Structures are given as C-alpha cells and as structure tokens.
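As structure tokens, the structure follows; a few thoughts come after it.
The values are calculated or read from the model by the stated rules, or taken from the named source; none is laboratory data. As the structure is a computational prediction, the values presented were derived from the model and not from experiment. Ideal geometry is used to build each Cβ from the backbone, glycine not excepted, and the neighbour counts take in all protein chains shown. The area values use the complete protein model at the heavy-atom level, side chains included, leaving out ligands, DNA and RNA. Shrake-Rupley method; radii C 1.70, N 1.55, O 1.52, S 1.80 Å.
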Amino acid sequence: HINSESFLCDCQLKWLPQWLVEKELQSFVVATCAHPESLKSKSIFAVLPESFVCDDFPKPQIIIQPETTVAVLGKDVSFTCSAASSSSSPMMFAWKKDNEMLHNAEIENFAHVRAKDGEVMEYTTILHLRHVTFAHEGRYQCIITNHFGSTYSNKARLTVNVLPSFIKIPHDITKRTGTMARLECAAEGHPTPQIAWQKDGGTDFPAARERRMHVMPDDDVFFITDVKIEDMGVYSCTAQNSAGSVLANATLTVLETPSLIHPLEDHVVSVGETVALQCKATGSPAPRITWLKGDQPLVVTDRHHFTSGNQLLIVRNVVLEDAGKYTCEMSNTVGTERAHSHVSILQSLGCRKDRTTVGIITIAVVCSIVLTSLVWVCIIYQTRKKSEEYSVTNTDETIVPPDVPSYLSSQGTLSDRQEVAVRVDNPQPNGHIDSNGMCQTDAGRCPDVEAPTAVGCRQQKLCIGCNKDTWKTEDLADGMLLPDKTGYSLPVVCTDCSGSTDSMNLHMYPKESEYYSESLNTVDSNYPNTLSRKRAAGTSLLHPQPCNGVASSKRMETDRTLYPSNHDRIRPASMTTPL
C-alpha cells in the first residue's frame, strides 16, 4: 500500500507506474507528484512516460565532501560539507560520528544562491571541534535533508597525533683520538617518532665508512669507536612522526697530540747561501710552533724569515755562527712534541757535497762513458773498413783472382782444360832484357837467368822467359799459379813490380787469337779492378806495350810459350855479363 503526495516525478520514477500496472497493484497505490511544478498534484498513473524528465534536482546533492584530517593534540579542527538543490524546500543539517548523531556539536550553516543560473541554492554546514584530544578521533559524516529526501556525505577520519618531544638529548663531548665517543638521543610522541642522525648537515660519516659507528635500532645510544680527527663535527639528532619533527645538536671535539707530517731533515750549506727548515705539524687543536737553537729561543735577525704559523724557517746569507741544532717545538692543550734538525755550514762552495753536485758528477761520468764508447765504435768501424778494402784491392802476389776462371767457365769462354796466357805488355822479339831495360829473348834458346838480390830500376816489371814447367790458372787454397799436373802449358803475363801492391797491371788471354777480343774483353769488363787496375789509356791486350823492368828467371818451351816464375828477379841491366 502506498499513499503519498510527495513523489519526485523525474526520469528516475519513469519505471514505477508501468511496473505497478503490470503487477496489478494499481488499486493499492495512491501517489501524487510534488515536483516539478508542471506535474504537481498529478497522479503518477496520469503522467505520460515522456514527461518524466530530469531537468532539475530538488533533492539535495553533495558538492563538497568532508576530508580526512590529522590534527595535533590540543589544536582546533573543522569539517565542511556543501550541497545544492533546485527546490525552495527548507534544508536540515546533521552530523554523525562513528554512525552516531552528534546532538551537542558546534555546527555552522549558511546558504546562498548559485550565481550561474540563479535558481539553484547551495547549502553549507561546518562542524567545529575545539582543542581536540584522542577522544575526538573517529569517522565523521554530514546529512542534508529537505522535503524531497536526504543525502549522506562520505565519512572523513580524524586522527589526533602528538608532536615528538625529547626525553634524552645529546650533549657536547670532547674525546682524544683512539677513544670511544657516546651520544644519546630519545624522544616520545604519537605515533612513536623515528630517530635519525646527521653529521654537519649531511649523511657522510667517516666512522660509518670504516665500520667504527654503531647505532642500535631499539637503543637510544650512538657509538663511535677509535675516534679520529675526521670524526670531529656537529652531530644532529632528529625525532619525527606524522605530526612533525624536532631537532637537537651536539658537537664532538677530538683532541690529538701534535705530530710532524714530514720529519725534519739535516742540511749542509755554504756560507752566503740560504737554508729553509720546514716543520709541518698536525694536531687538534692546531699546535703552536716555536723554533729553538741549541735548546734556547732562536735569536731572530733580519736574515730570519717565518711563514704563517711558523711552519717554515728561512735563513738567508748564512754565516758560520748559524750552524748548530735547530728544534721545532709543537704544543697544544694535549701535549708538546719536539723535532730536531742539524745545520752544517761550509766555508767553500767547492766542499759542498749535496744531492745536486752528486747528480751533476753522475751525469758527467755517464756522458763521458757514452762518448768514449761512440769514439771506439767509430775507430773499430773505420779500421775494419780499411782492412777489408786493403784485402780486396791490394796483394803482394801476381796472381789471377780465383773467381776469374770460374766466371769465364760460366760464360762459356774458358773450360777446365783451356789454356790461358799471361804476357808482358809489348815484349821484344827475343824476350831478353837489353841495356835499356827491355826484355829480349832469343828464339830457340831458353837460358836460365838467376835473379839478382837487388832491383836495378825504380819501377821494374816482370818479363817473360822460358819455363819448362806447366802452370795451372788457379789454386783454390791461395789463388797462386801452381804447376799443372795435366800437362797443359799456359801463357802468362808480366806485371808491374814497383815494390808497391797499389800499382799492378795484369792481363790474361788464351793462346788462340779467336779468344782475344771476346773472352778477355769479357774478363776485363767484369773484373776491371783485378785484371787491369792501372792500364794506360789506349792499350790493348792484342797490342802489348813495352815491359820496362827487370826480367825474372825464365824458361822457354819449344813452342815459344813463355812462363814467369813468381817473384824471381834477374840482375840489373848494367851488369857486364851477357844474358
């Protein structure tokens, strides 16, 4: 059974009349529209379906929801809730906490016309909570009602927190190096605050890097073991929760006995030079440096100069009286330390023996050794080079180079059994030496001529004679002409025998005339330095030149072939005995 005159006939009620008719419940329902004005006092069964529209909203609609809030204990808190309606029906406001109506709550309500269209009213309600305590914590909700219904807002939670407060705060401490430092920090609040440490406003802890810092999660103590100078600074303890944070600071001072960074050195200087004594010290607090000489305060003159903090003492134009023991005294509140340096003064610079002089001497010695080695290398190289040239170009023997027959053989001009002739340039018909030094030989005679012990001419030449021995063109052992066991006779030439191995002429050719121009020209062109080193311009092997010299012992075969003996000399041409 339904009996009401307050139906909101909008688009959301369109389904109801049709459903009641289909279920045959129309006789049990008396329903009259109250809104909109065009349908007011009409039965819902008399309203056409297309007349149920949503052109306005007479029922309140929440446009501002209350928000969850975290408050500090003792502070004031407020919740705001706003709604809008197109109806002029009066509005009623109410607040609930944890689903219970608040009867004595402090509520502020007001309304105003929306400026957009001027037909919609906005209604606002504010719940005020003064000096909140933990009892105010809960979920709050606003309810707005008019003639067309009630609208409920979202539930907003209120949380009451307590700001952290220290129950243990860190204090300034002073520790010596090597000892342990202990800082305390503890706080309370709601919720329980978290403790965090900082050093000099940052999170860089030298003790933490070296595993010398210890912080227990459930403890209020902060430890630093084996305290060092770098641990000195301002340490901050921060206690924080959702309500806020608090901060406390403490200074850690580290004391250290003075000590030298670099040890003092002894000095040896000459009169008139400058000496510098450095005493670079460290300590906490910074040490005070005092200079002593001979355990007495240093008498400062215009030659003495100090840098900032007296860490460097400079003495200019030293004199003999400046020699002695210098003491650097370092002192602070922890203790006093001393360091000594001995200064020796020499009268002459030449007697000074310092690192610079030693270095110069060492460099000079090394350079001398290197230069000497280079000179010896050059000498050895030149000596070997001259020796090689001498061995190649100069010889005491009138021989054919060992490689000539091999070369001629490779060219097809000289076989193993080919005969070659060596002859004197332009010999005389008889081959004997006459009074003017020319070689002459009588046909058909082969007298033996004994060589004299002395050479009669200034520039003598070996002359062809008769030799019954057979000769071979080369010897592999030493390149000399040796008797040939094959029986073949070999013509040979004479050579210059001036006594110097630097000027020799040697010509080789076979007995057959067809080899003169071809074979010997080949030898001469391929071995110019060996076969003819000083041949006169215009001379030819086919036209021998006169032989000016002393003939060697000679023999002549019946075939008129001439053979020289090696280094045999005859008597000078001036001898009266006929040849």
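Pop out the carbon and sulfur fraction of the accessible area of region 164-256 as a percent, whole number, probe 1.4 Å.
Values: 2500 of 5130 Å².
The computed percentage sits at 49.
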Next item on the list: Would you kindly find the accessible area of L25, with a 1.4 Å probe and non-protein molecules such as ligands, DNA and RNA excluded, rounding to the nearest 10 Å²?
Entry: 60
Next item on the list: Would you mind checking K175/K228; K75/K168; K168/K228; K75/K96; K97/K155 for any pair whose Cα atoms are more than 19 angstrom apart?
Entry: K75/K168; K168/K228; K75/K96
Item checked: Inverse mean reciprocal Cα-Cα distance (Kirkwood Rh) of region 61-155, Å -> 14.1
Item checked: Simple label model, 7 Å out from Cα along Cβ direction - I363 to T307, nm -> 2.6
Item checked: Longest to shortest principal axis, alpha-carbon extents of region 4-47, angstrom -> 29, 18, 14
Note to self: Can you list residues from other chains, or at least 5 along the same chain, whose modelled amide H is less than 5 Å from the amide H of V30?
What the structure shows: I2, N3, S4
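So for D226, D218, what's the accessible-area order with a 1.4 Å probe, most first?
Sorted descending by solvent-accessible area, the residues read D218, D226.
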Next item on the list: Taking the Cα atoms of region 200-317, report the difference between the largest and smallest coordinate on each principal axis, in whole Å and largest first.
Entry: 77, 25, 23
Checklist line | Ranked packing of 136-148, 176-188, 314-326, most packed first, by mean Cβ within 10 Å | finding: 136-148, 176-188, 314-326
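Please sort 263-274, 78-89, 364-375 by packing, taking for each peptide the average over its residues of neighbouring beta carbons within 10 angstrom, highest first. Please list the in-between numbers first.
Details: 263-274: 14.7, 78-89: 20.0, 364-375: 10.0.
Highest-to-lowest ranking by the protection proxy: 78-89, 263-274, 364-375.
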Notebook entry, point to check: For N109 and E50, what does the FRET efficiency come to when R0 = 45 Å and r is the distance between their Cβ atoms, rounded to the nearest 0.05?
Noted result: 0.70
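Hey, any idea what % of region 261-346's accessible area is carbon plus sulfur with a 1.4 Å probe?
On the way: 2310 of 4560 Å².
Carbon-and-sulfur percentage of accessible area, whole number: 51.
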Note to self: Less than 11 Å Cβ to Cβ from Y140, Lys/Arg counted +1 and Asp/Glu -1: what total charge do the surrounding residues give?
What the structure shows: +1
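Quick check: net charge around V30, other residues with Cβ under 14 Å of its Cβ, Lys/Arg +1 and Asp/Glu -1?
On the way: positive: K42; negative: E5.
Local net charge: 0.
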Notebook entry, point to check: Lys/Arg Cβ at +1, Asp/Glu Cβ at -1, dipole of region 171-294 taken about the Cα centre: which of A207, I289, T177 is farthest positive-ward?
Noted result: I289
Check: Which of A156, M92, V132 sits farthest toward the positive end of the charge dipole of region 43-179, with +1 on the Cβ of Lys and Arg and -1 on the Cβ of Asp and Glu?
Finding: V132
Next item on the list: Along Cα→Cβ, 7 Å out, is where each label goes; now give me the distance between the ones at R182 and C11 in nm to one decimal.
Entry: 7.7
Check: Where nothing but the Cβ of Lys and Arg (+1) and of Asp and Glu (-1) is charged, how large is the charge dipole of region 261-346 around its Cα centre, in debye to the nearest 20?
Finding: 200
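Treating the beta-carbon of each Lys and Arg as +1 and of each Asp and Glu as -1, no other charges, what is the dipole magnitude of region 61-155 about its Cα centre, to the nearest 20 debye?
120
For region 261-346, how big is the tail of P(r) above 17 Å, as a whole percent of Cα pairs?
45
Pop out the carbon and sulfur fraction of the accessible area of region 4-47 as a percent, whole number, probe 1.4 Å.
Details: 1440 of 2780 Å².
Taking all protein chains in place, region 4-47 shows 52 percent carbon and sulfur surface.
Treat every Asp and Glu Cβ in region 203-343 as -1 and every Lys and Arg Cβ as +1, leave all other atoms uncharged, and give the resulting dipole magnitude about the Cα centre to the nearest 20 debye. Present the calculation step by step, with values, prior to reporting the outcome.
Details: 11 positive and 18 negative charges, 63 e Å.
Charge dipole, region 203-343, about its Cα centre: 300 debye, nearest 20.
Which net charge results when you count Lys and Arg as +1 and Asp and Glu as -1 among the other residues whose beta-carbon is under 14 Å from that of I167?
Working: positive: K168; negative: E184, E188, D219, D220.
Within the 14 Å Cβ shell, the charges total -3.
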Item checked: Label point 7 Å beyond Cα of K228 along Cβ direction - residues of region 150-194 with amide nitrogen under 16 Å -> 176-181
